[in-house]
1. Largest first, please: the extent of the C-alpha atoms of the stretch 1-43 along each principal axis, to the nearest Å.
2. Stretch Lys95-Glu78 to full length: gain in nm at 0.36 nm per residue minus the Cα-Cα span?
3. With each pseudo-label sitting 7 Å past Cα toward Cβ, what's the Ile160-Lys20 distance in nm, one decimal?
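Please treat every number below as a calculation from the coordinates, not as lab data. Nothing here was measured: the structure is a model prediction, and the numbers come from that model. In this analysis, Cβ positions are derived from the backbone assuming ideal geometry, glycine residues included, and neighbour counts consider all displayed protein chains.
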Amino acid sequence: MSLHFLIDGYNVIKRTDSLKDLSSLRHARMSLVKAIQARRLAGSKNNQVTIVFDGRADFDFYQPQRKGQIKIFFSSDESADEVIKRMVGESGNPKQIVVVTDDKAIAHFIRSAGARAIPVLDFISRDKRQPAGKARLKHTGQGERELAKAELTYQQQEAINQELNDIWK
């Protein structure tokens, strides 16, 4: 079963030290694409990757097209968040979709639609070329151990959601 990674592009850029500090957004976008390809962050070559950015395309480099396994999409007049939500909502099989974002509102919506959401740190730490824990992109904010302690597992989140649903009925 192949997966489809939907990446909240600017969310990943602003949460990754080595990308957010680049001289321009265009350069940061290109670096993100190259890192995903070179480090095989999506895992299997059968997995699809779509990066969604807010705004309009830089026509000299980005247009909605395939770059290897990566499709680049600009949201134009709507937010990237809305595009991602719509893509998940219109999917025939949301269980095969993995959304990469640290945006809690998007993650909650994605999970309620049957897809998976993973934090930026989990995604950028997936480097398939080197041993686990040797990620080259550095996540901003708390250290990895502190962040792991602060995050709930998917099962914990689901248990909490189920408990709240039982209470609210």
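1. Cα spread of the stretch 1-43 along its principal axes, largest to smallest: 38, 19, 16 Å.
2. Numbers: separation 17, 0.36 × 17 = 6.12 nm, distance 2.48 nm.
Gain in length upon complete extension: 3.6 nm.
3. Modelled inter-label distance: 2.2 nm.
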